[in-house]
Amino acid sequence: MNEAAIYVKEVTRQFSKKKVLQDITLSVNHGEIFGSLGPSGAGKTSLVKLIAGIDIPTRGEVLVLGKRMPSLEMMKRIGYMAQSDALYGELTALENLNFFASLYGLKGARKKKRIHEVMEIVNLGDHLKKLVAAYSGGMKRRLSIAI
């Protein structure tokens, strides 16, 4: 496979007059591990959001598996977990999962099965009915992964 898994070409991202990324070009090949290091405010999160299709570059283009981002088709295949949790503390884990599953169009037995699968994967199966506000920080991160 010659096509890069991720290709960022001459990308600039600007917020008002502040450029957080300027003329960034990079490619990540299939099977390659890529890391981004830099101080706070260097644009690492902005770059990841562009690659995930959550944000749009001011200039340039981002391709993931040959598809220009944002692409709904690709966004369905990409997981992104922000630094802060997007969980509802006043709800149980099950209520959170039901809400987010409905956003993905999951219903009925398929939704129930998937919720139990992901909770077992993140080792929270015994905590479905517990309020998220009572979860430890690590439990919240694992629930975010499940979502």
Estimated 222 nm signal from helices in the chain, with DSSP H stretches of n ≥ 4 weighted -39500 (n - 2.57), rounded to 500:
-9500 deg cm²/dmol
Which value in Å does the Kirkwood hydrodynamic radius of the chain take, with 1/r averaged over all unlike C-alpha pairs and then inverted?
17.4 Å
Of G35, G137, G79, the most mobile residue in a GNM of the chain (C-alpha springs, cutoff 10 Å) is G35
Build a GNM of the chain with springs between Cα atoms under 10 Å: which of K18, K112, K129 gets the top mean-square fluctuation?
K18
Spacing of the two label points (7 Å from each Cα toward its C-beta) at T45 and Q22, in nm:
2.2 nm
If each residue of separation counts as 0.36 nm, what is the full-extension length gain between K111 and R77 once their alpha-carbon separation is subtracted?
10.4 nm
Taking the Cα centre of the range 93-146 as origin, work out the dipole magnitude from +1 charges on Lys and Arg Cβ and -1 charges on Asp and Glu Cβ, in debye rounded to 20.
160 debye
Structure shown: which of K9/K107; K112/K140; K18/K111 lie over 32 Å apart, alpha-carbon to alpha-carbon?
K9/K107; K18/K111
Percent relative contact order of the chain, based on C-alpha pairs within less than 8 angstrom and at least six residues apart?
20 percent
Phi to ³J(HN,Hα) by Karplus 6.51 cos²θ - 1.76 cosθ + 1.60 over the range 139-147, Hz, x for Gly, Pro
5, 5, 5, 5, 5, 4, 5, 4, 6
Cα axis of helix 108-121 to longest principal axis of the chain: angle in degrees, 0 to 90, nearest 10?
80 degrees
Treating the beta-carbon of each Lys and Arg as +1 and of each Asp and Glu as -1, no other charges, what is the dipole magnitude of the chain about its Cα centre, to the nearest 20 debye?
320 debye
Tell me, L94, L72, L26, L47 in order of fewest to most beta-carbon neighbours within 10 Å?
L72, L26, L94, L47
Sequence neighbours fewer than 8 away in the same chain don't count; with that in mind, list the aspartates and glutamates whose C-alpha is under 17 Å from K129.
E90, E95, E117, E120
Could you give the angle, 0 to 90 degrees to the nearest 10, between helix 93-103's Cα long axis and the longest principal axis of the Cα atoms of the chain?
50 degrees
Length gain on complete extension for the stretch S84 to N123, per 0.36 nm per residue less the alpha carbon to alpha carbon distance?
12.0 nm
Working out 0.36 nm times the residue gap between Q14 and A133, then minus their Cα-Cα distance, what length gain in nm do you get to one decimal?
39.2 nm
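Where a number appears in this text, it was derived from the coordinates with a stated rule and is not lab data. Everything numeric here is computed off the predicted structure, so don't read it as measured data. Glycine gets a Cβ as well: all are built from the backbone with ideal geometry, and neighbour counts include every protein chain shown.
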